[in-house]
Amino acid sequence: QVQLVESGGGSVQAGGSLRLSCAASGRTFRTYVMGWFRQGPGKEREFVAAISWSGSSTDYADSVKGRFTISRDNAKNTVYLQMNSLKPEDTAVYYCAATHRSVVVTTWYEYDYWGQGTQVTVSS
């Protein structure tokens, strides 16, 4: 019931910032918990952040706490990932995902819909 398209990826120097956007099409965006995952070179897909239906509850991977902020604008059918103080280890393809779960979840197999991914490259 929802299609997801990420944008905002690119190349940035260490210490810089990027804001990723995930635009959703469909009529049920407000019913989804939204999450961000990433997969770096030679690494498994890992959880980054998630946000509840209302935006009142969030969860972050320890590796990004204090640096990344997830938010959503239901009126615009969009979820964002603000990434500050970027490190080379943040280099990965970032994926937006949606789930019908009523609480924030951190495992990839609990998500129902996925975007195509956007590349983030952080150079030192």
Residues of the stretch 77-92 classified as in a loop (DSSP other than H, G, I, E, B) and either modelled with pLDDT under 95 or within 14 Å of the chain's Cα centre (by Cα) (or both), total:
3
Residue 124 versus (1) out of contact with any helix residue (DSSP H, G or I) (no Cβ under 7 Å at 6 or more places or on another chain); (2) among the small types (Gly, Ala, Ser); (3) modelled with pLDDT under 95: which is the lone unmet condition?
(1)
Give me the residue from the stretch 50-68 that is closer than 27 Å to residue 123 by Cα and aliphatic (A, V, I, L, M) and, out of that set, surrounded by the most Cβ atoms within 10 Å (Cβ to Cβ).
50
Taking the stretch 59-73 as the region of interest, how many residues are within 19 Å of residue 8 (Cβ to Cβ) and part of a strand (DSSP E or B)?
7
Sort out which residues of the stretch 10-22 are part of a strand (DSSP E or B) and closer than 17 Å to residue 49 by Cβ, and write them in order of number.
18, 19, 20, 21, 22
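For (1) over 10 Å from the mean Cα position of the chain (by Cα); (2) assigned to a helix (DSSP H, G or I); (3) surrounded by 22 or more Cβ atoms within 10 Å (Cβ to Cβ), each residue gets a yes or a no:
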{"residue": "27", "(1), (2), (3)": "yes, no, no"}
{"residue": "36", "(1), (2), (3)": "no, no, yes"}
{"residue": "44", "(1), (2), (3)": "yes, no, no"}
{"residue": "48", "(1), (2), (3)": "no, no, yes"}
{"residue": "75", "(1), (2), (3)": "yes, yes, no"}
{"residue": "94", "(1), (2), (3)": "no, no, yes"}
{"residue": "119", "(1), (2), (3)": "yes, no, no"}
Test for residue 103: is it open to solvent by 60 Å² or more (accessible area, probe 1.4 Å), β-branched (Val, Ile, Thr) and not in a strand (DSSP E or B):
yes
Residues 33, 2: which one is of a type in the set (Val, Ile, Thr), in contact with a helix residue (DSSP H, G or I) (Cβ under 8 Å, 6 or more places away or on another chain) and within 23 Å of residue 103 (Cβ to Cβ)?
2
Cβ pairs under 9 Å, 6+ apart, first in the stretch 7-24 and on the phi > 0 side of the Ramachandran plot, second part of a loop (DSSP other than H, G, I, E, B) and of a type in the set (Gly, Ala, Ser):
15/85
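The values are calculated or read from the model by the stated rules, or taken from the named source; none is laboratory data. Bear in mind that the values here come from a model prediction, so they are computed numbers and not experimental data. Ideal geometry is used to build each Cβ from the backbone, glycine not excepted, and the neighbour counts take in all protein chains shown. Remember, those area values only see protein heavy atoms, side chains included, never the ligands or the DNA or RNA. Shrake-Rupley method; radii C 1.70, N 1.55, O 1.52, S 1.80 Å.
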